[in-house]
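Notes for the one structure printed next.
Nothing in this text is a laboratory measurement; each read-out follows from the coordinates by a stated rule. Only a predicted model underlies this, so the values are computations on that prediction, with no experimental measurement involved. Please note: Cβ atoms are built from the backbone with ideal geometry, for glycine as well, and neighbour counts cover all protein chains shown.
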Amino acid sequence: MAASVRLLVRRAIRVSHRDITVSAAGVCGRSFCRCFSDAAQERSTHFGFETVPEAEKADRVYKVFENVAQKYDIMNDAMSLGIHRLWKDMLLHAMHPQPGARLLDVAGGTGDIAFRFLEYVSSQQERQQRRAARSSQTLSWHDISNNYSTVEADRPRESTAVVCDINKEMLKVGKQKADSMGITTGLSWVVGDAEELPFDDDQFDIYTIAFGIRNVTHIDQALQEALRVLKPGGRFMCLEFSKVTNPLLARLYDVYSFQVIPVLGEVIAGDWKSYQYLVESIRRFPDQEEFKSMIEDAGFYCVRYSNLTGGVVALHSGFKL
Amino acid sequence: MFKNVLSRFLSETLLFQRNVKHTPSLRRVGAISAPLRSFTDAKDGEQPPFDAALLEVLVCPLSKKPLRYEAKTNELINEELGIAYPIIDGIPNMIPQEARLIKREASDTPAQ
């Protein structure tokens, strides 16, 4: 009886072994196939120095900016020692918008570029009016008052700025700033995705994206959308952190980025990881030449870039012709 | 009678204070028409009116077709696809995943 039981057990083990090996092979084969197909379907991208599936990156970026929205402007001042204001002013100076221009500021968040744009355009308008008044100074009062009335009647189209951002919190902060500054006309806020802009073709004179494009999952799609919504002759302008050319400055910049900025993030905004992501994402972004060729690939012409602060920031510009 | 006078006095000083607070913003804004608008906007209060000028530029991000503004539900509606984009705090939310399906249309969900 014992012998037969042993035989039975041995046979059972043999059978089960066979089953196990067959099933193991099957599983391996299936999982190998699955890995192969998954790799094709689920592409991964970088999130700072991490590698994450593409679908995840957008969510994580959203959370980063949701957390930092309230302290965003203060942190910008602290991290860049106020130099970010100069960078943005230089962007406006390079843009040199004329009254009547329409701006789309993507990833505009708290609205820094849009505010500067409206200020610049209104001061341009004042300057033009003063020039017109000066040229007509020898006229009589009657003529001057007539001129004023005609100027009001056929005033060129008002400059408008549309701020588009994927993150509602950032837009909320921006809207509050606008309300406190008393800006009511010529400024609109839209929640939208840079890869899928909710705007019609050929709408805007200028498209700007300042310190936002490195957070976009598919940069080429964002560039194609930019090309689409710009009018022919429209200008694409992008401010973004880039590669520092000078090696000594690069070393200092690295030390500052990785040792000081996350600490500042923790102290001021209470969020180390978001600012760690920030400095890592800067390192992962392509350099000036590579980004320039990406912009050219999207279909822009006369693509140029200029380095600000030794290459810490690069201003890329292209035209839709 | 004294109470009436007191309440009227209080309401008028409050109004005065509110007006005084708004004059700096009036000075800031350059154009002539804008101060009037900011004055009335301040009085209108809660629900910020949706800027109709935006409607000229906005289209559905999926189909790139123009949208219709529905004042009752405060949404932007794309009839073709049967989806509605909400407007929160006067800011339209044009993310396709956050659009609402209108039950009339039995089309594919926009959240692809």
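Segment residue A:252..residue A:80, full-extension length gain: 60.6 nm, with 0.36 nm per residue of separation and the alpha-carbon distance subtracted. With neighbour counts taken as other beta-carbon atoms within 10 Å, the residues A:84, A:218 rank, fewest first, as A:218, A:84.
If the limit is 21 Å between Cα atoms, which of A:71/A:175; A:177/A:273; A:292/B:65; A:172/A:292; A:63/A:292 go over it? Result: A:177/A:273; A:292/B:65; A:172/A:292; A:63/A:292 exceed 21 Å. Going by neighbour counts of Cβ atoms within 10 Å, the residues A:175, A:63 line up, fewest first, as A:63, A:175.
When A:289, A:56, B:75 are sorted by how many other C-beta atoms sit within 10 angstrom of their C-beta, beginning with the fewest, the order is A:289, A:56, B:75.
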